[in-house]
Amino acid sequence: MKNKVNSIVISTVGDDTTRFDEVIQPLLVVCLCAAWCGVCREYRSRFDQVKAALVLNQQPVQFLWLDVEDEADLLHPLDVEDFPTLLIAVGDTPRFFGPITPQAQTLERMVRVTLQDPQGPGLADPVLWALVKRIQGHTESSPE
């Protein structure tokens, strides 16, 4: 499903502003962390800060926080070893998967760049394509 974004100006983290004037597919941003990870616990508030800013500015972005141990069946066969690990997908196309620095500016920049170029190339790994589909199915069947 495609959403229309009509000339929305956002200013999320820092002083950067960005304009979006095109039809784009919803963006999925998933942080894969572990409850026992101190870096993840500290990063959670930064992740939520970027989420709140984009939601406030009506961006078509869905943010999810998944604990790799609680959701091991959903993530199988992937084994996440570095935290935080981020998955970004446009529609059902994975665009980024890997560890990131736990800074709000890094997350905000990655989301902004993906929103600016929603037709960019996807990742080739079929395991990631399948993971995006499973996560989308999981979120559709789970209450928030």
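The values are calculated or read from the model by the stated rules, or taken from the named source; none is laboratory data. Quick caveat, the model's predicted, so the values are computed rather than measured. Using ideal geometry, Cβ is built from the backbone for each residue, glycine included, and neighbour counts are taken over all protein chains shown.
Among the numbered criteria (1) surrounded by fewer than 17 Cβ atoms within 10 Å (Cβ to Cβ); (2) part of a loop (DSSP other than H, G, I, E, B), which single criterion is violated by Lys133?
(2)
Limited to the range 66-98, what total is found for residues that are in contact with a strand residue (DSSP E or B) (Cβ under 7 Å, 6 or more places away or on another chain) and either among the acidic types (Asp, Glu) or assigned to a strand (DSSP E or B) (or both)?
14
Condition check: within 17 Å of Val30 (Cβ to Cβ), modelled with pLDDT under 95 and not in a strand (DSSP E or B). Does Leu115 satisfy that?
Yes: the conditions hold for Leu115.
Does the range 99-111 include one or more residues that are part of a strand (DSSP E or B) and at positive phi?
Within the range 99-111 (the criterion being part of a strand (DSSP E or B) and at positive phi), the answer is no, since none of the residues qualifies.
Tell me, which strands (runs of 3 or more DSSP E) lie completely within the range 1-62 with 3 or more residues that are modelled with pLDDT of 80 or more, in contact with a strand residue (DSSP E or B) (Cβ under 8 Å, 6 or more places away or on another chain) and buried (at least 19 other Cβ atoms within 10 Å of the Cβ)?
Of the strands (runs of 3 or more DSSP E) lying wholly inside the range 1-62, those with at least 3 residues that are modelled with pLDDT of 80 or more, in contact with a strand residue (DSSP E or B) (Cβ under 8 Å, 6 or more places away or on another chain) and buried (at least 19 other Cβ atoms within 10 Å of the Cβ) span 27-33.
Can you confirm whether Val55 is among the β-branched types (Val, Ile, Thr) and more than 16 Å from Val127 (Cα to Cα)?
So Val55 fits the description; yes.
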